[in-house]
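The values are calculated or read from the model by the stated rules, or taken from the named source; none is laboratory data. Note that the structure is predicted; figures quoted are calculated from it, not measured. With ideal geometry, Cβ positions are generated from the backbone for all residues, glycine too; neighbour counts draw on all protein chains shown.
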Amino acid sequence: MVFPGGKKSFSFLYVGLLLFIFWIASVEFLYAGSIRFRIVAVNPSKIRSQRVPIKVYLPREVTPKDILDLGGLKLEFDPTRSLFYVYKEDVILRPVETRVFEVEIKDIWVIPPEELDVVLEQAKSLALEFKGSEYEPKAKELYQKVSRLADEIIRTQSDEMMSRSQHIGIYRKNLEKLDKVKKELMDMEKLLKLAKAPLTPEMLKKGKFTTEAPSKTATWVLIFVIMIFLALLSIVFFFTWHRQARIAHKKISQAKEETFSEEEK
């Protein structure tokens, strides 16, 4: 049901049983600007009054500063569920009496257009910065993606024909998509800073100028080649030394023989 002037107003269903049936019915009204959670408590008994508590949890995004009017109820926080809730103890309903409680809350399930403009401008600026570079297609694609998302968010969150659950659900999905896009923009900004920054030794180590480290197999092959080369070199040195030693020993023996022969003469 849509009323001109518009505040989105939603309510909850709560059923309690005492000696007779007591129930709280919900009616959903759509407005613009704020949301009203309307709680309608009805005692269908024609002969007996009912005394029951009311307790209704609010969506997880709601904080005390978002509440405009408690409508005669009290606000409390449930630490086990991390949610705020409105309540009223011992609500007395006379026979066939109806009580209505309205909790008015700011429509916080809307992404501000200013925030979308900032993200869109950021994407546009990056697309211009990367123009002519190898990252130009990626930056252009990201800008188009942000533009489409901004149009989609504005269209879906301003649809007054949506129910309470659809309105809040669309907001949460849009927020997830926007956060993902913001992360992609941050990654592109980091890439732009690296492209503009002067080369440092650390960057050179990670850049294209460094050679790849050899594989483990190539390393072991190189080690074995070096070991074989050293072994062959050792063998050559050994036989060379042995030959030189024999020649030296032969010369020494000949010298001794010549010396003895001269003495005998």
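When each of ASP117, ASP151, ASP69, ASP90 is tested for being modelled with pLDDT of 90 or more, exposed (fewer than 13 other Cβ atoms within 10 Å of the Cβ), over 27 Å from the mean Cα position of the chain (by Cα) and of a type outside the set (A, V, I, L, M, F, W, C), the lone residue that passes is ASP69. Just one residue in the set LYS173, LYS205 is charged (D, E, K, R), at pLDDT 70 or above and in a helix (DSSP H, G or I); that residue is LYS173. The condition of being touching a strand residue (DSSP E or B) at 6+ places or on another chain (Cβ under 6 Å), part of a strand (DSSP E or B), without any contact (Cβ under 8 Å) to a residue 12 or more places away in the chain and not assigned by TED's automatic domain parsing to the domain that holds ASP151 holds for only one of PHE101, PHE77, that being PHE77. Taking the listed residues LYS131, LYS140, LYS124, the one that is over 19 Å from ILE35 (Cα atoms), in a loop (DSSP other than H, G, I, E, B) and either touching a residue at least 12 places away in the same chain (Cβ under 8 Å) or not hydrophobic (A, V, I, L, M, F, W, C) (or both) is LYS131, with no other qualifying.
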